[in-house]
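Structure, as C-alpha cells:
The values are calculated or read from the model by the stated rules, or taken from the named source; none is laboratory data. A quick note: this is a predicted structure, and the numbers were derived from the prediction, not measured. As a convention, Cβ positions derive from the backbone with ideal geometry for all residues, glycine included, and neighbour counts pool all protein chains shown.
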Amino acid sequence: MHLLSRLTSCLLLPAFFAGGNAAATDVGVVGLFPGKAILVVDGAPPRAYAVGSMISEDTRLVDADRDGATIITNGKRYVLAMGESARRSAPAGSNNNVVLTAGEGGHFIAPAMINGVSIRMMVDTGASLIALPASDAIRLGLNYKSGRPGRANTAGGIVTTYLIKLDTVKIGEIELHQVDASVIESGLNIPLLGMSFLNRMEMRRSGDQMTLTKRF
C-alpha cells in the first residue's frame with residue numbers, strides 16, 4: 001500500500017530536551033540500526049547519524065542499535081527506544097493538539113480537512129510527504145497536473161506523481177498552511193498523512209491512542 005520510500009515502519013517518536021538557557025533540540029527517531037540512527041532534528045528532513053556524530057552544537061549521538069538511540073545533550077543522557085517518547089505538555093488552554101485512536105490493523109486514521117474539504121487519511125511516518133490518490137485529488141478540486149511531475153518506484157512498478165502544495169491541512173484544531181503533497185496517479189488506495197505534516201507535530205503514543213501536538 002505504501003508507495004513512498006520508507007525509512008522504517010515504526011512510529012515517529014519525538015523527544016524534547018532543554019538544558020539551562022541553551023536552545024532546545026527536538027529529536028525524533030525514525031530509524032534504528034547498529035551504530036546508526038535516522039533522526040528528524042528540529043523538524044528538518046530525516047538524516048542518518050553515526051554513533052559519535054554531533055546532532056546539534058550541544059547534542060551528540062553516543063550509541064545506537066535496533067533497540068534504541070542514546071543521546072547526550074547538555075551533559076544529560078537520554079535513551080530513545082521505539083514505542084517510547086519524551087513528553088512535553090501543550091501550553092495551558094492550547095487547542096493545538098488532537099487525539100487519534102488506532103483502528104483495524106493498528107493503523108491511525110485521521111479525519112482531516114484539505115482546503116476545507118473532508119478527507120480521511122492514514123498516519124504514515126514512512127511517507128516523506130502527504131500522498132493523495134489522483135481520485136481524491138480530483139474530489140478535492142486540486143489541479144494537480146499543474147504541479148511538478150515525477151516518478152516513484154513502487155511495489156506495483158513505476159508510477160507518475162505530481163508535487164503540489166496544499167493551501168490548508170486541518171486535523172481537529174491543528175491547521176497548517178502551504179503543505180507539500182504528492183499526488184499518485186495509480187496504485188494508492190488511501191490518502192497518507194506523511195512527514196510534510198507530521199514533522200511539525202510532537203507525536204505521543206499510549207496504547208491505542210496517539211496525541212498530535214503542533215510544535216510550530
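A few points about this structure:
- Flag if residue 150 is modelled with pLDDT under 95 and not in a strand (DSSP E or B): no
- The residues of segment 99-117 that are within 15 Å of the chain's Cα centre (by Cα) and in a strand (DSSP E or B), listed by number, are 100, 108, 109, 110.
- Conditions (1) buried (at least 19 other Cβ atoms within 10 Å of the Cβ); (2) out of contact with any helix residue (DSSP H, G or I) (no Cβ under 8 Å at 6 or more places or on another chain); number of the one not met by residue 105: (1)
- Residues in segment 28-69 that are outside any strand (DSSP E or B), modelled with pLDDT of 85 or more and closer than 23 Å to residue 194 by Cα: 0 in all.
- Of the strands (runs of 3 or more DSSP E) lying entirely inside segment 157-216, those carrying at least 1 residues that are acidic (Asp, Glu) and at pLDDT 90 or above are 157-171, 174-184.
- Pair list, Cβ under 6 Å, 6 or more apart: segment 121-140 residue closer than 18 Å to residue 154 by Cα, other residue part of a loop (DSSP other than H, G, I, E, B) and among the basic types (Lys, Arg): 126/6
- Tally, over segment 191-216, of residues that are more than 17 Å from the chain's Cα centre (by Cα) and in contact (Cβ under 8 Å) with a residue 12 or more places away in the chain: 1
- Hey, residue 131 under 18 Å from the mean Cα position of the chain (by Cα), part of a strand (DSSP E or B), at pLDDT 95 or above and closer than 16 Å to residue 183 by Cβ or not: yes
- Every pair of residues 6+ apart whose Cβ atoms lie under 6 Å, when the first sits in segment 103-117 and is free of Cβ contacts under 8 Å to residues at least 40 places away in the same chain while the second is hydrophobic (A, V, I, L, M, F, W, C): 103/109; 107/122; 109/122; 117/140
- Selected residue (criterion: farthest from residue 128 (Cα to Cα)) from residues of segment 43-78 that are touching a residue at least 24 places away in the same chain (Cβ under 8 Å) and of a type in the set (D, E, K, R): 76
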